[in-house]
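See structure below.
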Ligand code: PEP
Ligand code: MN
């Protein structure tokens, strides 16, 4: 189901300077000086729309820096006055909302540890009823699209029209080079489900480390995201939170200058012709894939019938092992990634098992 709400397009948001809509600032507000210096340097880039700083910090373990609290809101208010940037911070409960609004904060975002919790999001939504601010909803830490959509829906119900979604990656038990897994298919699917919502990527929290921020930002731009939220600090290595992933404003300037912005809506007819033809090819291959899948499942059902008649279990582990090893070698030789081969064949195998189960339970009879 496509979810519709009364939305204000990002192009009409106050301060909009073109794509990408840029949000930057330290992970946490630490001192008045650190906040103001970072903000002035960022304002000097002439590209940043929103200055961000965490005032209340959700930390995994207690006894780490949990933010400066209300005091920092005054610093943000000063940033707004001195630089003209919009200012934004994270809110996790109604008290945060009331305090942030009291200090004229323009942008409130709901963090990943809060968007997982419908009680907390509802409380925030109630506190926002009838208020006109920008609200950005980060994806929940677990890769659950419905939870993300649910949080956005709760905020929309408060009458907020300037809502954005922030993709900051998802936690996974198995660690990779990134701190959080991008699972790009989730924001892509979110865009399909809520076509009007501005999509902002937070490469800092996906990367967890400065060196990967550029490649993730570029990917987000290639996927036609509307904006980026990138953490910056005047002295990143001394930051009290997320030291490894923050950039100096100067490094941010350099990163932004290297980004390539491709055209999401090409209008040159020759280009469209070529694209149209290539897309037709893709559609044909997709149909082939579906036809093949159908045929494969028919064979699986026949095997199911045979197993049923001969009282054999459905799962034959050695056979499955043999299949996955074989397709891995063949697929990689064709330039396919091991991750995709693994995902697709696990799904196909599961689908085969489901079809065989149906035969076993007499829901399907392949002989008919
Ligand atoms: C942050 O933006 O500093 C933050 C805590 O982000 P997240 O909720 O995405 O972890
Ligand atoms: Mn952070």
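The values are calculated or read from the model by the stated rules, or taken from the named source; none is laboratory data. Only a predicted model underlies this, so the values are computations on that prediction, with no experimental measurement involved. Neighbour counts run over all protein chains shown; Cβ positions are idealised from the backbone, glycine included.
Report, by residue number, each residue of the stretch 132-155 that is out of contact with any helix residue (DSSP H, G or I) (no Cβ under 6 Å at 6 or more places or on another chain), within 14 Å of residue 108 (Cα to Cα) and in a helix (DSSP H, G or I). Residue satisfying the conditions is 152 alone.
Inspect all residues belonging to the stretch 201-209 and state whether any of them is at pLDDT 95 or above, within 16 Å of ligand 2 (Cβ to nearest atom) and surrounded by fewer than 22 Cβ atoms within 10 Å (Cβ to Cβ). Taking every residue of the stretch 201-209 in turn, at least one turns out to be at pLDDT 95 or above, within 16 Å of ligand 2 (Cβ to nearest atom) and surrounded by fewer than 22 Cβ atoms within 10 Å (Cβ to Cβ).
Could you tell me which residue of the stretch 35-52 is farthest from residue 81 (Cα to Cα), considering only residues that are out of contact with any helix residue (DSSP H, G or I) (no Cβ under 8 Å at 6 or more places or on another chain) and within 16 Å of ligand 2 (Cβ to nearest atom)? Break it down stepwise before answering.
Taking the stretch 35-52 first, the residues out of contact with any helix residue (DSSP H, G or I) (no Cβ under 8 Å at 6 or more places or on another chain) are 37, 46, 49-50, 52.
Remaining after also requiring within 16 Å of ligand 2 (Cβ to nearest atom): 50, 52.
Values: 50: 13, 52: 15 Å.
In this case the residue turns out to be 52.
Pairing residues of the stretch 103-124 that are farther than 15 Å from residue 156 by Cβ with residues that are modelled with pLDDT under 95, at Cβ distances under 7 Å and at least 6 apart in sequence or on separate chains, gives 111/58; 113/58.
Conditions (1) on the phi > 0 side of the Ramachandran plot; (2) surrounded by fewer than 18 Cβ atoms within 10 Å (Cβ to Cβ); (3) part of a helix (DSSP H, G or I), marked per residue:
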site	(1), (2), (3)
5	no, yes, no
30	no, no, no
35	no, no, yes
41	no, no, yes
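Against the test of being over 26 Å from residue 359 (Cβ atoms) and part of a helix (DSSP H, G or I), the options 327, 284 yield a single qualifying residue, 284. When residue 191 is tested against (1) within 16 Å of ligand 1 (Cβ to nearest atom); (2) within 25 Å of residue 106 (Cα to Cα); (3) part of a helix (DSSP H, G or I), just one condition goes unmet, and that condition is (1).
What are the residues in the stretch 118-131 that are outside any helix (DSSP H, G or I) and within 14 Å of residue 96 (Cβ to Cβ), if any? So that I can check it myself, show each step before the final result.
Kept after step one, since they are outside any helix (DSSP H, G or I), are these residues of the stretch 118-131: 129-131.
Result: 131, single match.
For the stretch 12-34, the candidate set comprises residues that are in contact with a helix residue (DSSP H, G or I) (Cβ under 9 Å, 6 or more places away or on another chain) and within 14 Å of ligand 1 (Cβ to nearest atom); within that set, the residue that is nearest to residue 227 (Cα to Cα) is 24.
Let's see how each residue does on (1) within 16 Å of ligand 2 (Cβ to nearest atom); (2) in contact with a helix residue (DSSP H, G or I) (Cβ under 6 Å, 6 or more places away or on another chain); (3) in a helix (DSSP H, G or I):
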site: 240; (1), (2), (3): yes, no, no
site: 250; (1), (2), (3): no, no, yes
site: 254; (1), (2), (3): no, no, yes
site: 267; (1), (2), (3): no, no, no
site: 271; (1), (2), (3): no, no, yes
site: 275; (1), (2), (3): no, no, yes
site: 278; (1), (2), (3): no, no, yes
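Among the residues in the stretch 58-72, are any in contact (Cβ under 8 Å) with a residue 12 or more places away in the chain and part of a helix (DSSP H, G or I)?
yes
Which of the residues that make up the stretch 325-342 are loosely packed, with under 14 Cβ neighbours inside 10 Å and closer than 23 Å to residue 303 by Cα? Passing the criteria: 325, 326.
Does residue 168 satisfy being in contact with a helix residue (DSSP H, G or I) (Cβ under 6 Å, 6 or more places away or on another chain) and within 12 Å of ligand 1 (Cβ to nearest atom)? Let's see the steps before the verdict.
Working: in contact with a helix residue (DSSP H, G or I) (Cβ under 6 Å, 6 or more places away or on another chain): yes; within 12 Å of ligand 1 (Cβ to nearest atom): yes.
The answer is yes for residue 168.
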